[in-house]
Amino acid sequence: MVNYMSEKGFDNTNAKKDDDTIEHIRQPKSKTPLIIIAIVLLIAVIVLGDAMVVTKENEYTLIKEFGKVERITTTAGLSLKIPFIQSTDSLPKTMLLYDLTSSDVITQDKKTMVVDSYVLWRITDPLKFTQTLTSVSNAEARINTIVYNSMKNVISSMMQADVIQARDGSLSAAIMANIGSSVDQYGIKMVSVETKHLDLPSDNKSAVYERMISERNNIAAAFTAQGESDAKMIRTKTDNEIVVSVSEAEAEAEKIISEGEAEYMRILSEAYNTKERAEFYTFVRALDAAKASLKGNKTIILNSDSPLATIFNSVE
């Protein structure tokens, strides 16, 4: 076999070199640079993502460094922070609603009432808010205490009937006035305190309503009696004024009639102040009397010595 390989001119050295070349070609290139680049890009993305801060339209963004607020972003958009060193926190910028639990309050006349209300509030100074209250839940707890104390103070200074009548909005205004600017120190603002439910306790509601109805009926009866008394006085006064006015008018009328009759008689006297005029007047009056008596196809029977017959007999 050795002779055969020698005869064919086989070279062991060259064969070994060819095997090394083939092995080198078959081995893949190194992936180390690609892995390094991928790791660098991943770290860059993580760092950039941690450095970017997104502020929404309805919130404040607080940039904190080791727990201390470094700056506050109030406008919506993107901003940057120091990655892994600074952290972010957000606070609501919109109107917030806190529903208080129902509570009992006592009026000035020692009557118990149940009040259920809610508060509309907002954060106006996020830095002061963070320094004093730190969170919305703490703020709601403080608001609950402040509003309840204010409500208790206001209602305890009012009679029960006044509290019921104040449900038109004046009660909320009085509570807001009592709170005043006490919440400014926390960086918040009370927009309004509204009452959802204001009623009597269920165990004595019926008795109180009956007593209130009885009191209102007594007041109504007193007003009615007073009104009737005033009406009677007005009617009496008016009747007296009418009687006086009518009497004065009748007296004035009688006076005018008397003056008219006197004037009439004076005029007649002047008109028939001679014998001829007097006779003519008597004749005319007689004719008028006869005319009035003969109406309706009547017959007059006169004595010959009657004035009317005398006039007719004297006519030729």
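Here are some notes:
- Hits in region 246-267 (condition: of a type in the set (A, V, I, L, M, F, W, C) and modelled with pLDDT under 90): 262, 265, 267
- None of 232, 237, 295, 291 is assigned to a loop (DSSP other than H, G, I, E, B) and out of contact with any Asp or Glu (no Cβ under 8 Å at 6 or more places or on another chain) except 295.
- Close contacts from region 112-136, counting a first residue that is open to solvent by 20 Å² or more (accessible area, probe 1.4 Å) and a second that is among the acidic types (Asp, Glu), with Cβ to Cβ under 7 Å and a gap of 6+ residues or different chains, come to 112/104; 114/104; 114/199; 118/99; 118/194.
- The one condition in (1) in contact (Cβ under 8 Å) with a residue 12 or more places away in the chain; (2) open to solvent by 70 Å² or more (accessible area, probe 1.4 Å); (3) of a type in the set (Ser, Thr, Tyr) that residue 264 fails to fulfil: (1)
- Lone unmet requirement of (1) open to solvent by 80 Å² or more (accessible area, probe 1.4 Å); (2) of a type in the set (D, E, K, R); (3) out of contact with any strand residue (DSSP E or B) (no Cβ under 8 Å at 6 or more places or on another chain) for residue 189: (3)
- Residues of region 137-165 satisfying the condition of being in contact (Cβ under 8 Å) with a residue 24 or more places away in the chain and under 30 Å from residue 88 (Cβ atoms): 139, 140, 142, 143, 144, 146
- Residue list for region 178-200, restricted to those being at pLDDT 85 or above and assigned to a loop (DSSP other than H, G, I, E, B): 180, 181, 182, 183, 187
- Subset of region 44-87 (residues that are open to solvent by 50 Å² or more (accessible area, probe 1.4 Å), within 21 Å of residue 188 (Cβ to Cβ), touching a residue at least 24 places away in the same chain (Cβ under 8 Å) and in a strand (DSSP E or B)): 72
- Odd one out for residue 182, checked against (1) within 23 Å of residue 135 (Cβ to Cβ); (2) polar (S, T, N, Q); (3) surrounded by 14 or more Cβ atoms within 10 Å (Cβ to Cβ): (3)
Conditions (1) open to solvent by 60 Å² or more (accessible area, probe 1.4 Å); (2) in contact with a Cys (Cβ under 7 Å, 6 or more places away or on another chain); (3) part of a helix (DSSP H, G or I); (4) at pLDDT 95 or above, marked per residue:
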residue: 148; (1), (2), (3), (4): yes, no, yes, no
residue: 172; (1), (2), (3), (4): no, no, yes, no
residue: 176; (1), (2), (3), (4): no, no, yes, no
residue: 202; (1), (2), (3), (4): yes, no, no, no
residue: 208; (1), (2), (3), (4): no, no, yes, no
residue: 215; (1), (2), (3), (4): yes, no, yes, no
residue: 224; (1), (2), (3), (4): yes, no, yes, no
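- Residue 163 vs. criteria more than 22 Å from residue 102 (Cα to Cα) and either open to solvent by 60 Å² or more (accessible area, probe 1.4 Å) or not in a strand (DSSP E or B) (or both): no
The values are calculated or read from the model by the stated rules, or taken from the named source; none is laboratory data. Here the structure is a predicted model, which means the values were calculated and not measured. Please note: Cβ atoms are built from the backbone with ideal geometry, for glycine as well, and neighbour counts cover all protein chains shown. These accessible areas exclude ligands, DNA and RNA; they are computed on the full protein's heavy atoms, side chains included. Shrake-Rupley method; radii C 1.70, N 1.55, O 1.52, S 1.80 Å.
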